[in-house]
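Heads up: the structure comes next, in structure tokens.
What follows is calculated from the coordinates using simple rules that are stated; it is not laboratory data. These figures come from a predicted structure and were not determined experimentally. Note: ideal-geometry Cβ built from the backbone for every residue, glycine included; neighbour counts use all protein chains shown.
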Number of protein chains: 2
Amino acid sequence: MDITAAPPTATEQRAAVAALSQVLPAHAILWQSEDTTPYECDGLSAYRQRPMAVVLPETEDQVQAVLRTCHRLGVPVVARGAGTGLSGGALPHARGVTLSLARFNKILKIDARARTAIVQCGVRNLAISEAAAPHGLYYAPDPSSQIACTIGGNVAENSGGVHCLKYGLTVHNVLRARGFTADGEPVEFGSEALDVAGLDLLAVLVGSEGMLAVVTEVTVRLVPKPRLARCIMASFDDIRKAGDAVAAVIAAGIIPAGLEMMDKPMTIAVEDYVHAGYDLEAEAILLCESDGTPEEVAEEIDRMTAVLRGCGATAITCSADEAERLRFWSGRKNAFPASGRISPDYMCLDSTIPRKRLADILLAIQAMEQKYGLRCCNVFHAGDGNLHPLVLFDANDPDQLHRCELFGADILETSVAMGGTVSGEHGVGVEKLNSMCVQFSAEENAQMLGVKHAFDPASVLNPGKVIPTLARCAEYGREVVRGGVQRFAELPRF
Amino acid sequence: MDITAAPPTATEQRAAVAALSQVLPAHAILWQSEDTTPYECDGLSAYRQRPMAVVLPETEDQVQAVLRTCHRLGVPVVARGAGTGLSGGALPHARGVTLSLARFNKILKIDARARTAIVQCGVRNLAISEAAAPHGLYYAPDPSSQIACTIGGNVAENSGGVHCLKYGLTVHNVLRARGFTADGEPVEFGSEALDVAGLDLLAVLVGSEGMLAVVTEVTVRLVPKPRLARCIMASFDDIRKAGDAVAAVIAAGIIPAGLEMMDKPMTIAVEDYVHAGYDLEAEAILLCESDGTPEEVAEEIDRMTAVLRGCGATAITCSADEAERLRFWSGRKNAFPASGRISPDYMCLDSTIPRKRLADILLAIQAMEQKYGLRCCNVFHAGDGNLHPLVLFDANDPDQLHRCELFGADILETSVAMGGTVSGEHGVGVEKLNSMCVQFSAEENAQMLGVKHAFDPASVLNPGKVIPTLARCAEYGREVVRGGVQRFAELPRF
């Protein structure tokens, strides 16, 4: 991981802070190491780096001034929301400014009739739903971190959640974003209309991890709160049957509000922690949620039950009331901390495979456990084919760390070979730069660099993240020829 | 409209044809004017231009060879599907090669379990649904031209249709596209997984009107054919009530399978043509479709009926059977030809506004009829806020033509002022280049040019379309300052 840019000299740092002091009040600039240390990592704590400075602007004019200043000085800018990202997208740059948007926390408008909300980028995901609740509406994407993570960070990472199978990812729920280009020009993406003319730059902005622009305000779609939700918990005595059942539910024309899977090691870890009532004999369990009107839910629950039974479920329980439904989900939502209780460390992967290959990848991961001599708990957004294998290891044992890295790389390469992708919803950040070389040819990575260059020719926005350099592709790529290298070489290095 | 590139000299044309003959069989190259004339326009027949040559490759290798040849010679390449586009996106370039993909008409795989189809780009939209029908599946986006238009053209234009309110635009139904870059490099966008790592280049490819790459193969999502569909026809004695009813249906949490609106001049023109049983006394009618299981449909029809009644509908009829449902739709689907019967010419616009402004735009268009002394029939994808006003005029009367152009521009500018966009689903092509200057700042258009440049630095793919040049922005733009001009000037001219 090349996050080892040399730290700035004291002179460089002083010059940058002095320039920022021209456009920001003193309390909005942090640069002493005790003040910047809290910003040294995001949710991916394996990588840490103190920034040259942290700024906390309060107005759009200040954001613009910061960007103009940094652009003029050639100082990298790393935008930061709540810092809950899991791939190091908000990892500071040693010679850069971390642009915290924490103070952009106002909900500007809830328009119940248009079913939209206009919010500042630093508003927490869950706060949008709370503000919309009096109108019977909510914001659908629900990453596990929704109590803390911000809509700006969701836009940067194209966040998902357990309900995105039915309700879509962030990109499907954002209508408009406004903010500033790398050199401080105001810019808007999308509109309140369904579609927009010309190239769909909003779609490429969402998920671009702060590389293309800094977003300050977002218009999101709100959806009606379903009148009822019920959840089925189904047990399987065979991991292949459970995987096949997921594909069968979808193939039957049902789009559940959530469709999650856990394997036996995971349910055991979770049950011991939150007592969700999971079947500890099952090799795998599925959680299948239905929401809508009572009539819709009743009919869908019946159909799902029939499909699951046909696929060999050994036990099927449907939540009788809201308390039981929440208890079923409490296990799923605590899968990560539950893993933390049974192992000193765990590495969470995020690859996605075509749904019909679920059973195949599960069996492949079981074989890898033998090969690398490490245990792995599996929790999946199964309906999306989005895996979250948690490889358990002890980071203090260099050999275990090494085997864990090989294990992770093997999962990612196997996912790509099955027609999948290395990241479903956690982003690339710094963590998956090498994986990008596996998934994409140098030519394809060069196209992404070209798009980056179109927005940010001087490469001041979050440089070094998301898209691998030519050198990295040459070292880690599945191929470095196919005509891509020359064009790649013409592009600036990040 | 700058489609007035000088035609090639005979020597230039001979050289290009000779080079293409090295890589294609003779029958796959057309260059004599009687052979190329059928390709001189697409569905926007107001603009015509014969290409230097037309090629009809049959294999991906031939497509690659054509692209390599044209790139080497600096000859523009305009990809063409069925030529049904409505904004001139496939209008030939006088010095360019029209790359017809008509022979890529094979359905490669229907995977009922994964609910996907892999098809060549020249497969007709409806042919996908026909091939999927034995599995109880279909391809959801249904542009009016679906019997003729191809999936490659749908990808280029991000086509919609009457069902896209519930089922999404093309971009929401395409998982993967493969093809070639401008210089003939093979490239893939997306994957069979739900999301993809890095920048979402598939999303920017869809709707890019042949400017970024040439697509030869597409993986689309299939959805289950609903067990039942029923359609409500509702009459209103006031256009504002009808517009408000559309917003009220959506605000009530209902996403109809289709939600269309026609005003009185439109229903009269249509009824006279196809006898769909429309209410000729109504100032506006709505068609609201519900699909799903019988239980879902019954419940949704009840809820929609209650909302429409609450909004003042003067008559509500629900289709009793499939024949009646199809009769209701026959009028809507024949709105364009019906307009052709009552006027020598009509100009169809395609702007989109936030749904809650429907009534406002309708009243504004009524006022414009007085201002410009021309009649306008209105048919809307009302649920999406996507307008298709048909301005009636006689192209042989220069004054009427001029007033019609002003009328159209006024509708577009008013749509943008209401928070909408100049094109909902027909694309920009050559038709809306000036409108792009109204909707977007020079800076924003420059970003789109930057993306174009990242994919196609030599600008051989469909040059001169979709994104206005600096000169055009300066002439037609809402603004030409705001810092965008200089960066714009650094970019190549198309």
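A compact table of results
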item: Average partner coverage of A:252-258, which counts Cβ from other chains inside 10 Å; result: 2
item: Kirkwood hydrodynamic radius (C-alpha pairs) into Stokes-Einstein, chain A, 20 °C and 1.002 mPa s, D in µm²/s; result: 91 µm²/s
item: Under Karplus coefficients 6.51, -1.76 and 1.60, residue-wise ³J(HN,Hα) of the stretch B:426-439 in Hz, glycine/proline x; result: 8, x, 9, x, 9, 5, 10, 4, 5, 5, 4, 5, 6, 6
item: Extension gain (nm, one decimal) between residue B:112 and residue B:268, 0.36 nm per residue minus Cα-Cα; result: 51.8 nm
item: Semi-axis lengths, Å, the stretch A:230-372, gyration tensor of Cα atoms, sqrt of 5 times eigenvalues; result: 25, 19, 13
item: Within 10 Å of each Cβ in A:348-356, the average number of Cβ atoms from other chains; result: 4
item: Förster-model FRET efficiency, 22 Å R0, residue A:228 and residue A:306, C-beta, rounded to 0.05; result: 0.65
item: Out-of-range pairs (alpha-carbon distance over 30 Å; input A:432/B:452; B:241/B:371; A:452/B:109; A:356/B:465); result: A:452/B:109; A:356/B:465
item: At R0 = 35 Å, FRET efficiency that the Cβ-Cβ distance of residue B:330 and residue B:58 yields, to 0.05; result: 0.40
item: Per-peptide average of other Cβ atoms within 10 Å, ordering B:451-461, B:153-163, A:101-111, A:44-54 highest first; result: B:153-163, B:451-461, A:44-54, A:101-111
item: Cβ crowding within 10 Å averaged over residues, with B:204-212, A:284-292 ranked highest first; result: B:204-212, A:284-292
item: Bins of 5 Å, starting at 0 and running to the largest distance - Cα pair percent for the stretch B:86-222; result: 2, 10, 21, 25, 22, 12, 6, 2, 0, 0
item: Cβ neighbours within 10 Å from other chains - mean over B:417-426; result: 4
item: Helical mean residue ellipticity (222 nm; -39500 (n - 2.57) per DSSP H run of 4+; nearest 500) of chain B; result: -11000 deg cm²/dmol
item: Cα-based Rg and Dmax for the protein assembly as shown, where Dmax is the largest Cα-Cα distance (Å); result: 28.0, 85
item: Angle between chain A longest axis and helix A:358-372 axis [Cα atoms, degrees, rounded to 10]; result: 70 degrees
item: Calculated log₁₀ intensity ratio I(q)/I(0) where the Debye formula runs over C-alpha points of the stretch B:1-91, q = 0.13, 0.18, 0.23 Å⁻¹; result: -0.43, -0.84, -1.31
item: 3J(HN,Hα) from dihedral phi, the stretch B:170-186, Karplus parametrisation 6.51/-1.76/1.60, rounded to Hz, x for glycine, proline; result: 3, 4, 7, 10, 10, 9, 7, 9, 10, x, 9, 6, 4, 9, x, 7, x
item: For a label point 7 Å along the Cα-to-beta-carbon line of residue A:240, residues of the stretch A:365-379 with backbone N under 17 Å; result: A:365-368
item: Nonlocal amide H pairs with residue A:176, under 5 Å, H built at 1.01 Å; result: A:219
item: Simple spin-label estimate for residue A:317 and residue B:73 in nanometres, 7 Å along Cα-Cβ; result: 7.2 nm
item: Whole-Å distance, taken between Cα centres, linking the stretch B:132-183 and the stretch B:330-400; result: 25 Å
item: At R0 = 51 Å, FRET efficiency that the Cβ-Cβ distance of residue B:14 and residue B:133 yields, to 0.05; result: 0.60
item: Per-residue HN-Hα couplings for the stretch A:454-469 [Karplus 6.51, -1.76, 1.60; θ = phi - 60°; Hz; x = Gly/Pro]; result: 5, 8, 9, x, 8, 6, 9, 8, 6, x, x, 9, 6, 10, x, 6
